Each structure stands twice: as C-alpha cells, then as structure tokens.
Amino acid sequence: MKKEKHTEYHFCILDSLQKVMPNQEPEQLEENQKHFYGFQNERISFQLAYTMEYDGCEIPLQEVELVIKSVLSDHVQIRKVELVPSRLPAYYGQMDEHYLYREACLCPDLLLPMEGNIIRPAPYQWRALWFSLDLQSVEQSGTFPIDIAIQKEEKTLWKDTVYVHVHKEMLPEQTLIHTEWFHADCLANYYQVPVFSEAHWTIIENFVDAAVKHGMNMLLTPIFTPPLDTKVGGERTTVQLVRVEKEKENYSFDFRLLERWIDMCMRKGITYIELSHLFTQWGAKYAPKIMAWEHGVETRIFGWDTPATGTEYQQFLHQFLPELKHFLKEKGVLENTWFHISDEPHDDEKETYAAAKNSVKGLLQDCKVMDALSSYDLYREGVVENPVVCNDCIQPFIDAGVKQLWTYYCCVQGNKVSNRFLAIPPERTRILGVQLYLYDIRGFLHWGFNFYNSQYSLYPINPYVITDADGGFPSGDPFVVYPAPDGTAYDSTRLEVFAEALYDLRALQKLEKLTSRTHVVDLIQEDYEKQITFMEYPKDASYIRNVRRKIYKEIEQLGGK
C-alpha cells in the first residue's frame with residue numbers, strides 16, 4: 001500500500017531584530033514581546049517566519065493563505081523577505097564573534113511585493129514576511145490587536161496576535177543630517193536610459209522618495225561626475241549637472257539642470273545639498289572628470305591628467321566657484337549646502353590634500369566644507385576642519401571634546417562597531433541610534449545608497465546577483481536598495497532597521513525634552529553595566545526592545561507634553 005505523505009508547517013512572529021536565515025530556526029518572541037510601540041509619525045515593522053516539513057521525495061506546490069483581521073489592516077504593507085547572495089561577509093581579519101555567518105551563503109535582505117495573500121513555504125528552509133505599518137496614516141491612538149492566521153483549504157493551521165501601541169504624539173523632526181551617497185550614474189547604467197533624460201529623472205525621483213522615506217535629508221549632488229571609487233585613469237559614466245562652455249581660458253556655466261535637481265530635492269523633502277568632491281579620491285592630487293563644450297563639441301577638459309593645483313584647473317575653479325555660490329545663494333540653499341575637497345585623506349596624503357584645500361580656501365571661506373576622516377592628527381593639525389569620522393576612530397575626537405561631530409562607517413568598519421553588512425545582526429545596526437544620541441552626533445554619512453558598479457567602477461553589476469561590488473566590499477556595503485523593474489526602489493531589511501535606529505534617536509530626543517538629558521542617559525545605561533561607546537555596547541536584541549519600550553512608557557506617563 002502506498003504510504004501517505006505528511007506535511008507539517010511551522011510559523012512564528014518575530015520583530016525586526018532577527019534575520020530569518022534559511023537554515024536556522026529563529027528565536028521565538030515571548031508573548032510580552034509581541035507588543036510594538038510607535039508614534040504617529042513613525043513606521044514600525046515585524047515579521048512572520050515560516051517553514052514546512054515534508055517526508056516525501058517529490059515535493060508538490062504547497063500554498064497556504066495569510067489572513068489578517070484588524071482595524072489597522074488597511075495600513076499594513078506586507079512584503080516577502082527574499083534571499084540574496086553574500087559571497088564576502090567581511091574582510092579577512094575584520095570579523096569579530098558577533099556575525100550571523102562567516103562563510104559565503106544566501107542571506108535574507110531584499111523586500112519584494114507579496115502576490116496577494118498566498119504563501120509558498122520552502123521545505124526545510126525558513127523564510128519570512130515583513131510587515132510594515134506607517135502610523136502616520138492611523139488617525140487614532142491606542143492599542144490595536146492584529147490577528148494573523150494561516151489557512152489551507154479553509155482550515156486554520158496556525159494563528160497568533162500582535163499588539164500595536166500607537167501614541168497620540170509625534171516624534172520631533174529629525175535633526176540629524178543624514179546622507180547616503182546617491183549614484184545617479186548607476187541608475188542610468190542599470191536601466192539603460194540616457195543620463196538626465198526624462199526617464200532618468202523619473203527613476204532618480206523614485207529613488208529619492210525611497211531615501212527620504214528612510215531618513216535621508218541630504219543628497220549627493222553631481223555638479224560634476226563624482227570622483228568616487230573610480231580607477232586611477234578610468235572614468236565613470238558622466239553625470240554632470242553643470243553645463244560648461246569653454247572659450248580659450250574663459251568659461252561660462254549653465255545651471256539649469258542643477259536648478260532642476262535642487263527643485264526636486266526641495267519638493268521631495270531633501271533639506272541639505274551635498275556637492276560632489278572638487279578633487280579626486282586618494283589624496284586630492286587631480287581634478288575630477290569635467291566635460292565642456294568648445295567649438296560646438298563636448299570633450300573632457302579635466303581628469304586624472306589634470307594636476308589639482310595646476311594653473312589650468314585653478315583658473316577654472318576661480319571662475320566657477322563664485323558663480324556657483326551666487327547661483328546657490330539666489331536659490332536660497334547656500335546656507336544648507338556642503339562642499340567636499342577629497343574623500344578620506346590619510347596621513348601620507350596630508351600634503352596634497354592640504355594643498356588642494358588651500359587652493360580654494362579663499363573661495364569657500366564662507367561655506368561649509370566637510371570630508372571623511374579617520375586620523376585625529378589631521379584634524380588636530382587643521383587639515384580637515386569639519387571631519388566626518390569613521391565610527392571605529394571617533395573616540396579620540398570625543399575625548400578631545402570636538403563639537404558638531406559627524407560619523408560614518410563603510411567597508412573596513414567590520415570589527416566591534418555598528419554596521420549594516422548582510423552578515424551583521426540587526427540589533428548591531430540599530431544600536432547606532434542610541435550611540436548617535438549619547439554623543440550628540442550632528443550627521444551621519446554612508447557612501448553606498450545605490451552603488452551598482454564593481455569596485456573602482458570598472459563595469460556595472462547586477463545587484464541581485466552581486467552584493468559585494470564583485471569582491472571589492474563586504475556584501476551589503478555598496479547599497480541598501482535594489483532596482484525594481486518599474487524604475488522604483490525595492491527596500492532592504494537593513495534599510496528598514498537603519499530607519500528604526502533614526503526613530504530611536506528621535507524618541508530619545510523627545511523624552512529628553514520632557515525630562516532631562518541626564519535622565520535619558522541614565523535610562524540608556526541602566527540595563528548595561530559598561531559605558532556605552534561606539535566600540536562597546538549591548539550585543540543582544542533584548543536591550544533594544546527594553547529601551548524602546550521604556551521610552552514609550554515614560555512618554556505615555558508624562559502625557560507627551
């Protein structure tokens with residue numbers, strides 16, 4: 001007699017502080033942890049993890065139905081958490097003990113639209129759905145149950161309830177300046193559209209929407225093609241917002257495309273303009289690629305063959321920068337515009353960086369200038385006056401009492417500190433909000449919102465297949481959004497968790513206004529015996545859950561006054 005095949009399903013509710021790895025059973029929440037707290041201008045997330053067991057050989061298509069009942073049902077967005085390749089978890093020697101995995105694997109990250117209410121479990125693999133609630137669309141405050149059930153052929157296989165607590169008050173506006181370098185050339189390359197065509201502008205605006213939704217309020221603006229991660233002697237696809245006309249040694253400038261970009265920024269909610277670097281990466285030795293029209297022909301007039309402090313490029317800058325500043329002032333954005341000299345000067349590049357900086361110092365003396373930095377000595381010597389300091393090198397700046405600090409992390413910040421590689425646990429990404437609050441950080445920068453090139457921009461890559469710039473950077477470092485077929489951006493779980501860190505920061509700031517900074521710092525520290533720094537902090541998700549719950553409860557008790 002033929003043996004009847006047996007199928008068994010497993011489901012569980014999780015918050016956003018777990019990655020549902022396909023080969024590992026997730027840690028289930030306690031009943032009191034299925035309560036999610038938020039304010040009316042916040043977005044909160046949780047997950048439904050699922051798998052199936054099947055004792056047969058041939059696996060039939062298994063479909064179950066997701067059923068949600070709640071007064072909040074219309075406010076819930078549900079997406080599938082899809083696996084992506086992770087070939088390089090971190091650089092060799094950078095991984096500490098707090099990584100999810102150490103070898104190449106498939107990792108959950110990409111958030112895809114769900115097709116109706118049908119779930120198709122994978123046998124002996126854990127997968128997840130990602131639930132997001134935009135509380136701004138919820139008109140009432142209070143506690144709202146969300147009943148979640150799984151049915152098959154009208155039979156209930158599993159059910160559970162989560163509770164969403166919506167505070168009637170709003171979080172304060174974000175004061176942190178937050179930029180993720182926006183690579184307009186990568187969008188043109190991926191979608192195969194002409195640069196700054198109407199199709200390109202539509203795609204750019206879609207991706208800016210995704211950035212603003214997740215807390216970005218500053219946008220890298222390519223006045224000239226950004227000289228970032230480009231092989232020495234190589235070129236990236238030209239994205240130049242300023243049209244240059246050259247006649248002998250004289251230049252004229254057309255800012256109409258730049259005006260359109262700035263108008264888009266203001267319309268979308270971008271408050272700060274970050275201009276692309278005036279000199280090349282790795283020492284500020286050369287000019288960026290600049291295209292100009294001369295005798296009716298567009299040619300490259302500057303690049304890797306142009307000395308940074310040479311007469312030709314300096315003549316150009318002395319004509320260009322005053323006109324650019326006048327234009328920005330007329331647009332009313334100069335006060336919120338930041339300039340760059342060159343990215344991340346190191347000690348052995350001090351002289352060339354300082355020479356480039358000094359060559360335009362008089363032109364930019366009334367402007368804001370910042371650059372990424374890891375060396376305190378370069379700051380102490382005045383080489384970089386407004387540093388954006390990597391989070392594993394920031395302590396000397398804090399100890400010295402440097403005010404208005406910015407911070408960043410990227411590919412090499414893999415040991416001990418917060419980051420958002422695919423292999424980094426979510427709680428390690430989210431702790432950044434607490435750290436930003438404790439040290440009163442002014443701004444946060446990351447280089448990779450949507451970098452879809454190989455390292456050094458030798459060629460474009462497929463971000464659904466390659467998440468590490470083809471072996472150049474730890475998986476997940478180059479981007480946090482994926483290009484959807486329709487020209488919009490698919491979010492990642494990492495970006496959602498990072499946005500939650502920014503909500504944590506704002507919630508802490510709200511509680512401070514109702515109490516005091518000392519009180520909030522004590523609240524942050526009371527569940528951790530050591531002083532929290534950028535290198536030393538709680539490594540478990542329960543800390544984040546407890547702090548956020550305590551913040552909400554205290555504000556609730558104080559009446560949100």
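The values are calculated or read from the model by the stated rules, or taken from the named source; none is laboratory data. This is a predicted model, so every value here is computed, not measured. Here the Cβ is made from the backbone with ideal geometry for all residues, glycine too, and neighbour counts use every protein chain on show. For the accessible areas, the whole protein counts, side chains as well, though only heavy atoms, and no ligand, DNA or RNA atoms are used. Shrake-Rupley method; radii C 1.70, N 1.55, O 1.52, S 1.80 Å.
Summary of computed values
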read-out	value
Sites residue 199 and residue 266 - FRET efficiency at Förster radius 22 Å, r taken between beta-carbons, to 0.05	0.50
Structure-derived semi-axes √(5λ) of the Cα gyration tensor in Å: which label, when the choices are (i) 66, 29, 19; (ii) 39, 30, 20; (iii) 43, 27, 22	(iii)
Hz values of 3J(HN,Hα) by residue in the range 459-466 - Karplus curve (6.51, -1.76, 1.60), Gly and Pro given as x	6, x, 10, 9, x, 7, 10, 10
Cα-centred dipole magnitude for the range 226-295, charges only on beta-carbon of K, R (+1) and D, E (-1), debye, nearest 20	200 debye
Gain on full stretching of the segment that runs from residue 156 to residue 115 - 0.36 nm per residue minus C-alpha separation	12.7 nm
At R0 = 35 Å, FRET efficiency that the Cβ-Cβ distance of residue 366 and residue 412 yields, to 0.05	0.55
Residue (of 408, 373, 143) at the positive-pole extreme of the chain, dipole from beta-carbon charges	143
In the range 76-159, chymotrypsin sites (Phe, Trp or Tyr not before Pro) in a DSSP loop with at most 10 other beta-carbon atoms within 10 Å	92
Distance between modelled label sites at residue 8 and residue 459, nm, 7 Å Cα→Cβ extension	4.8 nm
Coil-residue chymotrypsin sites (Phe, Trp or Tyr not before Pro) of the range 419-482, DSSP, other Cβ within 10 Å capped at 14	464
Two-site label geometry, residue 74 and residue 97: point separation in nm, points 7 Å out along Cα→Cβ	5.2 nm
Residue order for 350, 550 - accessible surface, 1.4 angstrom probe, largest first	350, 550
At R0 = 35 Å, FRET efficiency that the Cβ-Cβ distance of residue 484 and residue 249 yields, to 0.05	0.15
Å² of accessible area per residue within the chain, as computed with a 1.4 Å probe and no ligands counted	42 Å²
Solvent-accessible area, 1.4 Å probe, carbon plus sulfur percent, for the chain	47 percent
Degrees, to the nearest 10: 350-361 long Cα axis against longest axis of the chain	70 degrees
Centre separation in Å (Cα based) which lies between the range 249-291 and the range 402-421	26 Å
Long-range amide H partners of residue 272 with built H, under 5 Å	218, 219
Extension gain, residue 293 back to residue 536 (0.36 nm per residue minus Cα-Cα distance, nm)	82.1 nm
Fraction of antiparallel bridges per DSSP, the chain only, in percent to nearest 5	70 percent
